[in-house]
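Here's the structure we're looking at; comments come further down.
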Amino acid sequence: MSGIRFSFPACVIAGKGRIDRHDLLILRKYAFTNGIRSYDDALLLLALNDMCPVQCDDWSAYFVEQLTAFIVDTAPPRGRLDAAKAAWLIRALALDGHVENPLQLEALLHAIERADSYPDILSAFALDQLRHRLLRPTASSYRAARHAGITADDMAYIWRLLRCRIDGGHLFISSLEASSLAMIEDVVRHRDNHPGWQEVMDYAAGEEQHVDSLRSHPWLQTEGNGGAWDERVA
């Protein structure tokens, strides 16, 4: 975000390092009069979120809804997430393949839920964020205990991504999604996991694609809307 140029009033708000309700009203009126209408607007919104860790209660909903509305409904092709949009989201939200900001992760999930269709590389990438959190629990994380595995909250996260894959009472997941799930299983195999996790893994085990397939291919490589993305899973 270092290349972002802040104009008024965003420059003043960014300099304070916080966003209060008055600041949000000013942003709505002057900076984003018609909402987020371009990729430059979206990057400015992301930069403000990064530079202002102190935020009013209304900011979370505004940030998630505005970013989602732009990437799903405004940016072409409207209504769906194609490979170019997926590449932009991964590049804009992630650092070394890891989405660290909770609001940015929520925006990613919300965009996937809102879109009529999306490439499975994007849902596999979102699933991989769970693996990152399992591997790197923080002091403030609910995973303080090293033996903690997949929790009920984790299952809710997983089903937000996979529930659209249910058809006729069966779960149909892609080989990329199965690979992401298998890599999570590598981390939690000997931990205390929610009972529903084994059911998900039973479906994933039916996929022919081996876990190493995702490790040996780029997340996404495409041209458009900001350049190419080529992030390999370590």
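The values are calculated or read from the model by the stated rules, or taken from the named source; none is laboratory data. What you are looking at is a predicted structure, and each value in this text was computed from that prediction instead of being measured. Reconstructed Cβ throughout: ideal geometry from the backbone, glycine too, with neighbour counts over all protein chains shown.
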So Gly79 passes all but one of these: (1) part of a helix (DSSP H, G or I); (2) surrounded by fewer than 20 Cβ atoms within 10 Å (Cβ to Cβ). Which condition number does it fail?
(1)
Looking at the range 184-195, can you tell me whether even one residue there is of a type outside the set (D, E, K, R), part of a helix (DSSP H, G or I), in contact with a strand residue (DSSP E or B) (Cβ under 8 Å, 6 or more places away or on another chain) and surrounded by 17 or more Cβ atoms within 10 Å (Cβ to Cβ)?
no
Filter the range 154-182 for residues that are part of a helix (DSSP H, G or I) and hydroxyl-bearing (Ser, Thr, Tyr); the one that is surrounded by the fewest Cβ atoms within 10 Å (Cβ to Cβ) is Ser175
Evaluate the following for Asp128: is it surrounded by fewer than 16 Cβ atoms within 10 Å (Cβ to Cβ), at pLDDT 95 or above and on the phi < 0 side of the Ramachandran plot?
no
Restrict the check to the range 83-90 and report whether at least one residue is within 27 Å of Leu134 (Cα to Cα), assigned to a loop (DSSP other than H, G, I, E, B) and among the hydrophobic types (A, V, I, L, M, F, W, C).
no
